[in-house]
Structures are given as C-alpha cells and as structure tokens.
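Worksheet for the structure shown next.
The values are calculated or read from the model by the stated rules, or taken from the named source; none is laboratory data. All figures in this text were calculated on a predicted structure; none of them were measured in a lab. Virtual Cβ from ideal backbone geometry, glycine too; neighbours counted across all protein chains shown.
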Ligand SMILES: Nc1ncnc2c1ncn2[C@@H]1O[C@H](COP(=O)(O)OP(=O)(O)O)[C@@H](O)[C@H]1O
Ligand SMILES: [Mg+2]
C-alpha cells in the first residue's frame, strides 16, 4: 500500500463542491506536486491531508493507518502554509529549533540541525534576528527551515516560495529537491508555478475544478497532456481546431483549414471536432520551400535572450514559434517564411464539450 492515500475525498462548502471524489496515492520518498490555477482546490486538498480541513466524504490513510479524523498535531507532518506564522517573540534560530527543543533534543545536536536548515534556505548569519526584522521572503524561508529541521515523514508545502525573487527561487528549487532526496522526506507541494512543479517533482497532479486532470511525470505531463486543459495550462502551445477525417492504426487524419495533418493518437479514441496541439519549440523555420509545411508572414519577432519568439500568420492561424538563439537572427517582421515540423510532435485531443469532458 502507498505511504499516503486519499480515497474518494470530497469537500463541500454549502452547495459548492471544492473537491470532487479525489483519489491520490503518494509513495514513500516521493516528491509530488499539486499544480493548477488559483481556486482549483490545491490548498483545500493539502489542508485535508494536514487535518486542518475535514473532508465531507472519503478516507485518508498514512502508512496504513486511517487518519481521516485524526487531529493535525497527531499526524506528525511538517507543514509550511502560505500564512503559517512564525513565533514573533522568538529569534530565527529559536523558531527553527523550537520543535526540536520540544522533542528534548540535546542543545549541541539542535544547534547543528538549526545551522544546517538555515544554510539550506540561505539564512546563515541571521539566527539572532526576530521575524519582524525579516522580509516576507526571508520569513517564508525560516518557515521552510523550521519544517525541514524536524525531519518529518511527510512534508506539506503550500506555495512556500511565492515571495522569493526569481533567482533565489530557482536556487531553492534545486537545493530543496536535493535535500528532500537525501533525507528521503515524502513531500507534497502545492503550486501554480509550472516550472517549480516540473523542476522538483517525481510526479505532478494537474488539478482543474476540484479534480485531478492528469497525474504523471513532469515529462509526460508536458509531452503527453491528457486533457485540453492540461495541454494549455502546462507550458505554451499552439491550438489548431480541426475535424477528424479518418482514424488510422497509428495516426488520425485531421482537416485543419485546407490542410490535412497526420497526428499520432497514441491509442486514444479521437473523433469529430478535435484540437491539434504543437509546442512553439517543436516548430522551426524551414530550410527552403521543400521542407515547409505551411507558409506565412512574420507579424511579431521578439528577442528574449536565449530564444527568439515569432508569431507567423498562416492559413492554419497565427502560429507561435520559439527558436533557440543560435546562429543568425530569424527574418524580421513582414517577411514571408516557411514553417516545418515533425508529425510525431503533433498531439490531438477531442475538444472539450464536444465529447465527454476534461
Ligand atoms: N472555507 C471556505 N469556504 C467556502 N469556500 C471555500 C473555502 N475554502 C476554499 N473555498 C473555495 O474552494 C475553492 C478551492 O479553494 P483552494 O483550495 O483555496 O484553491 P487553490 O489553493 O487551488 O487556489 C475555491 O473556489 C475557494 O473559493
Ligand atoms: Mg491555495
């Protein structure tokens, strides 16, 4: 049995259903992210795991034991919530070491743990500061250090890095993931930041409207989105509306404008009105007209450092293309270009509302 399981968990507030019959299993040592837009039910789900919100239905088990109605402090989880307050009258070191002191850990060992946790979150040297002398981001990091220092069996993080600036956040992603792996702490992270989820997770649960739309590795979530929502939420993509003409053993023939695209369907039933998806980085400017699948005119050309972002007006619609910044700059706005791609990089899903739903 998995380390943590949610079985048919739901949460209603009056007649509003925030979480609808959600099943989830998390393995020991795993790093799993709940990823989705604001309001999709991430925090509610995490709070039910922590025990601060009680489910309207379903069951939660931890290491084989039913904890559905167990009090939060009995669960032994480490929690870092968005608004999880520090003790204002205690220093940074006091806050981080407080739980260890309660556990009667010896002073020397405690000091070592506190120093290690503060180094992880890049706050060494601020041990004697008080919370009111810290920035919002620094306070968030103290809360993370406090949770890590306890070495909990299960660590729950709710947007713990939302107040950090981009560079520090990137460093923390890598470091937190490394220490999580080293200590083997099973971790569930709530985030709306897809890069954060992809960088850190073994698996990502993409949430949408109180349900899990897709549960997979970061690579599969990006490369093989299972629903139209997941396709557009994770990363950028071009969406082409089409109509299935024929379903062959390996690919579907899809009419988009006056072109027929051959799209791998990966065993899925696709019929009628569909969307064809292709990522901007999977399209390229054609070398000569022989390679071009469609012609168009560059309407926007933007340089963002590592890449050029182009918008090209074609008969398939406006296509967004990302081209690595290697070699010469791409043609300027107003120029005619040919666009090429590999059919294996196309994805197809039945359109939302057209046939079942996401
Ligand atoms: N205590 C509450 N009472 C009523 N509605 C709530 C309560 N808590 C959350 N909700 C609603 O449940 C939905 C999910 O909220 P939440 O889990 O906080 O989303 P997320 O963390 O993904 O942004 C939202 O529509 C929110 O307004
Ligand atoms: Mg939230």
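Of all residues being within 16 Å of ligand 2 (Cβ to nearest atom) and assigned to a loop (DSSP other than H, G, I, E, B) in the range 29-66, which is farthest from residue 210 (Cα to Cα)? Just the residue, please. Residue satisfying both the conditions and the ranking: 52.
Criterion applied to 164, 156, 176 was being within 16 Å of ligand 2 (Cβ to nearest atom) and crowded, with 17+ Cβ neighbours inside 10 Å, and the one residue passing it is 156. Checking 109, 140, 82 one by one, the residue that is in the same structural domain as residue 181 (by TED's automatic domain parsing) and without any contact (Cβ under 8 Å) to a residue 24 or more places away in the chain is 109 and no other. Taking each residue of the range 190-208 that is assigned by TED's automatic domain parsing to the domain that holds residue 49 and under 17 Å from residue 162 (Cα atoms) and looking for partners that are within 16 Å of ligand 2 (Cβ to nearest atom) and part of a helix (DSSP H, G or I) with beta-carbon atoms closer than 9 Å, six or more apart or interchain, yields 190/42; 190/43; 190/45; 190/46; 191/42; 191/197; 192/42; 194/233. The condition of being more than 16 Å from ligand 1 (Cβ to nearest atom), surrounded by 19 or more Cβ atoms within 10 Å (Cβ to Cβ) and more than 25 Å from the chain's Cα centre (by Cα) holds for only one of 65, 75, that being 75.
Every condition in (1) assigned to a strand (DSSP E or B); (2) closer than 19 Å to residue 225 by Cα is met by residue 281 except one, and the failing one is (1).
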